[in-house]
1. For the protein assembly as shown, what is the Kirkwood estimate of the hydrodynamic radius, computed as the reciprocal of the mean inverse distance between distinct Cα atoms, to one decimal in Å?
2. All other residues with a Cβ under 10 Å from the Cβ of C:Met149 taken together, and with Lys, Arg as +1 and Asp, Glu as -1, what is their net charge?
3. Going by Cα centres, the range C:187-227 and the range C:235-305 are how many Å apart?
4. Provide the net charge surrounding B:Met47, with neighbours chosen by a C-beta distance below 12 Å and charges set as Lys +1, Arg +1, Asp -1, Glu -1.
5. Leaving ligands, DNA and RNA out of it, rank C:Glu57, C:Glu313 by accessible area with a 1.4 Å probe, largest first.
6. Taking 0.36 nm per residue of separation and subtracting the Cα-Cα distance, what length does fully extending C:Asp158 through C:Ala239 add?
7. Among B:His165, C:Pro119, C:Ala71, flag the residue with its Cα farthest along the positive direction of the charge dipole of the protein assembly as shown, charges on Cβ as +1 for Lys/Arg and -1 for Asp/Glu.
8. Per DSSP H run of n ≥ 4, the term is -39500 (n - 2.57); total these for chain B, divide by its residue number, and report the mean residue ellipticity at 222 nm rounded to 500 deg cm²/dmol.
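The values are calculated or read from the model by the stated rules, or taken from the named source; none is laboratory data. Note that the structure is predicted; figures quoted are calculated from it, not measured. In this analysis, Cβ positions are derived from the backbone assuming ideal geometry, glycine residues included, and neighbour counts consider all displayed protein chains. The area values use the complete protein model at the heavy-atom level, side chains included, leaving out ligands, DNA and RNA. Shrake-Rupley method; radii C 1.70, N 1.55, O 1.52, S 1.80 Å.
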Amino acid sequence: MAKIKGAVTVNKERCKGCNLCVVACPTDTLSLQPLEVNDRGYHFAYMSNPDACIGCCSCALVCPDACIEVYRVKLD
Amino acid sequence: MKPEEIIDPANRVYARPRLLTEVNTHYCPGCSHGVVHRIIAELLDEMGLEDRAVGVAPVGCAVFAYNYIDVDWVEAAHGRAPAVATALSRLSPENLVFTYQGDGDLAAIGTAETIHAANRGENIAIIFINNAIYGMTGGQMAPTTLIGQRTATTPYGRRVDLNGHPLNITNLLAQLPGTCYVTRQSVHTAPAVRKAKNAIKKAFENAMAKKGTSVVEIVSTCNSGWKMTPAQANEWMATHMTEHYPLGDLKNE
Amino acid sequence: MEEVRLMKGNEAIAHAAIRYGCDGYFGYPITPQSEVLETLEALMPWETTGMTVLQAESEVAAINMVYGGAATGKAVMTSSSSPGVSLKQEGISYIAASSLPALILNVMRGGPGLGTIQPSQADYFQAVKGGGHGDYHMIVLAPSTVQEMADFVGLGFDLAFKYRNPVLILADGIVGQMMEKVVLPPARPRRTQQQIEEQCPWAATGRHGRAHRNVVTSLELDPAKMELNNERFQRTYAAIEASEVRFAEHYTEDAEYLIVAFGSVARICLKAIEEARGQGVKVGLLRPITLWPFPKAEIDRLSKQVKGILTVELNAGQMIEDVRLASQCRVPVAHFGRMGGIVPNPGEVLTALFNHFPEAKQ
């Protein structure tokens, strides 16, 4: 069976740290930065558990700031 | 495989839509407006309507919608977007004309314009963001505020004897012969966003096919006004808002 | 082709709109101007020139349709009467603030409130001092004949597009309702989409390959930029004041007394002046055609020549304030007005002149 591997990038300066992507992610890939903030003071989202990502786009679909890009590969 | 190996343009399955401008929106973190803007920007690009779309922005939180979606816009007076869109559409019938309105704009001050444009069957798409509150002015009661819901002007909760009933205007619009497609959607989960996108796509298609007025209500959140986190607001919306504003198609002709 | 017809002022507006290539009319019935919409619906210009005609659900909707139509660079208009024009004020302010060309007709009736359906000129202040909110001006044209009703549609659109500013035709119930001979202009075709996009590069026409989006808005939250917007409006108004003042004069060359009146009332005054001249009294008439910009310089000049000025208006005394300012109170400025829909006859005007300036009789 082919295995799907994904990854996302978050435009950290555009992210407002709303956490909706974190909630939407079915594989608990994402978290908000616990300490670090961006130039506007937001705890931006990042892949805290990159191995779990399946590239399903749920995070990008619910993101109000269009700051997530999603990548996906099929591994044989 | 490491993320650095996967993150390659060849593997990209989702990117920021081309027709969203580079500026950061003024919306609060977690606001539904941003999601709906993104959907519209995606559709205008995918449907090849970039050159023929004219949006009508409301007064309310979305007043600056014209700063974010890279097509021609007209900013209307409060509530008058359907009247403005009527003229835009009749004088430029080759264009896609859509309004983007909140609950106060569409269902309070602009009720007459909304109902009459829809009743005339103007060939426009109406995107209606219903978050049951006046966001821009600081969280006052909207026509769609639920009974018991606390706002700046219903600090002890909306009461029927004082404030009347929540106005379900989308149900009213579905009864008008001028509307061809009336639907109620949400954007609080990934599947909901996919469905909402399909609904707005259909509304745009109807407008281009001159089938009459399409209304897409997006039952939304205003986490700032509701005084919740974005995730809590989504949950509250799914539990309470959809009870009074049930999701799904009301009319599809 | 030019055509000579007998018709009401309101009907002339409708015919002229089609002949001057108007793209869209949006209106709501109200007496005494409903013939404009009725005539357009009967003429069905959408079958000939392609002009859009729509009966809106309210005056508010109608003016906002005009705002939307104007935002696409099209030549659009609305008409109403006093209470309806009050409703339009918000929209007019937005049109002015968005620098849009548009034509608005007010066939004034007596007020305030629901008032009467009889003629009045009591909306002078509303027309020339703003009406809606904010620092703005409309170009205000005051027709006194059915011919001018027709002519000012063309002039109004020309000025509206020249300055990207709304133009108001401030008529009264008399000019709207009375029938007169009118020479209708030869038809000029509606502009093509290409002509519109060349003339109005700012219009929300859809991008059609344009590199940037066009946004029509009156909103600017940055106070420094909003002040710049206001300064731009004021420059436009200064240019209009410098170039577009229009007026007509009768018997002013040797006048010792001056009557200032606009619209239909000016014609009544002219009759009174002819009677006075028959009695050897040297009275002249200045009829402002543009109420804004106001013929200040001409009144200033005449105030150095005459001994007294009488303004005659169908109101309690509105234009008199501008006449006093323009004449710098060099000579007494008196007012004679009828209100509530009453129209004075020439004898009343003459009596008023002699009451205010008894020395004129000698």
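1. Details: mean 1/r = 0.0361 Å⁻¹.
Mean inverse Cα-Cα distance, inverted, gives 27.7 Å.
2. Details: positive: C:Lys8; negative: C:Glu11, C:Glu148, C:Asp151, C:Glu180.
Taking every Cβ under 10 Å from that of C:Met149, the sum is -3.
3. So the two Cα centres are separated by 38 Å.
4. Details: positive: B:Arg52, B:Lys197, B:Lys201, B:Lys202; negative: B:Glu42, B:Asp45, B:Glu46, B:Glu50, B:Asp51, B:Glu205.
Summing Lys/Arg as +1 and Asp/Glu as -1 gives -2.
5. Working: C:Glu57 30, C:Glu313 0 Å².
The ordering from most to least exposed comes out as C:Glu57, C:Glu313.
6. Details: separation 81, 0.36 × 81 = 29.16 nm, distance 1.50 nm.
Taking 0.36 nm per residue and subtracting the Cα distance, the gain is 27.7 nm.
7. After comparing all options, I get B:His165.
8. On the way: 9 runs with 80 residues, N = 253.
The helix-only estimate for chain B comes to -9000 deg cm²/dmol at 222 nm.
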